[in-house]
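Take a look at the structure below.
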Amino acid sequence: MKRKLQLAISVAMAGGLPSALAVGGGLIEDSTATLQLRNYYFMRDFSDIQGRNQQSKAEEWAQGFILNFKSGYTPGPVGFGLDVLGLMGVKLDSNSDRTNTGLLPVHDDGKAASEYGRLGLTLKARFSSTELRYGEQTPNLPILAHTDNRLLPQT
């Protein structure tokens, strides 16, 4: 019985090998890279708030850079690849009296960061039409989606 199971698994895997080998051109050949620039100005007026120490408005201006590199897959029955997502935000205008828009991170002293960023890596593997990803992702599924309505997208 055990031998029949091993034989069945071997035949099933061998049947999928030709289609897995025929897909794709390679790690470098199938790679793509995009650079997106965003200029974001945010202003909210709080002139109707009364009392001492109330912020009258929140106003900030920033430039965002989004680098998205997607590699192809290595040749073979199981292909491997690496995707890179680089995010960077640069302050163009803000001061401690106008922070807290959510556009720029705020330091402990109440001033907005001059620049901020992060680098996200995603390792990926593919066998036939099945793909496995591990790492920084921006999903766009019916039940789970990232929000992309600010300077930099959520991950």
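The values are calculated or read from the model by the stated rules, or taken from the named source; none is laboratory data. Everything numeric in this text was worked out from a predicted model, so none of it was measured. Here the Cβ is made from the backbone with ideal geometry for all residues, glycine too, and neighbour counts use every protein chain on show.
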In this structure, does Val23 turn out to be under 19 Å from Lys124 (Cβ atoms), at pLDDT below 90 and out of contact with any Pro (no Cβ under 9 Å at 6 or more places or on another chain)? yes
Might you let me know whether the range 74-96 holds any residue that is among the aliphatic types (A, V, I, L, M), at pLDDT below 90 and more than 20 Å from Leu27 (Cβ to Cβ)? no
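Here is a yes/no grid of residues against (1) closer than 21 Å to Leu152 by Cα; (2) out of contact with any strand residue (DSSP E or B) (no Cβ under 9 Å at 6 or more places or on another chain):
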| residue | (1), (2) |
| --- | --- |
| Phe46 | no, no |
| Phe65 | yes, no |
| Met88 | yes, no |
| Asp109 | no, yes |
| Thr122 | yes, no |
| Glu131 | no, no |
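The rows are residues; the columns are (1) among the hydrophobic types (A, V, I, L, M, F, W, C); (2) closer than 15 Å to Gly72 by Cα.
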position	(1), (2)
Tyr116	no, no
Leu121	yes, yes
Thr130	no, yes
Glu136	no, no
Leu141	yes, no
Asn149	no, no
Gln154	no, no
Do you know which residues across the range 87-112 are touching a Lys or Arg at 6+ places or on another chain (Cβ under 8 Å) and either without any contact (Cβ under 8 Å) to a residue 24 or more places away in the chain or within 30 Å of Gly76 (Cα to Cα) (or both)? Asn95, Ser96
Modelled with pLDDT of 90 or more, of a type in the set (A, V, I, L, M, F, W, C), closer than 22 Å to Gln36 by Cα and assigned to a strand (DSSP E or B) - does that describe any residue in the range 56-64? yes
All but one of (1) loosely packed, with under 14 Cβ neighbours inside 10 Å; (2) under 16 Å from Gln63 (Cβ atoms) hold for Ala112; state the number of the condition that does not hold. (1)
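How many residues are over 12 Å from Arg38 (Cβ atoms), of a type in the set (A, V, I, L, M) and touching a residue at least 40 places away in the same chain (Cβ under 8 Å) when one looks only at the range 65-78?
Residues in the range 65-78 being over 12 Å from Arg38 (Cβ atoms), of a type in the set (A, V, I, L, M) and touching a residue at least 40 places away in the same chain (Cβ under 8 Å): 1 in total.
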Please work out which residue is modelled with the highest pLDDT, limiting yourself to the range 118-136 and to residues that are surrounded by 15 or more Cβ atoms within 10 Å (Cβ to Cβ) and assigned to a loop (DSSP other than H, G, I, E, B). Glu136
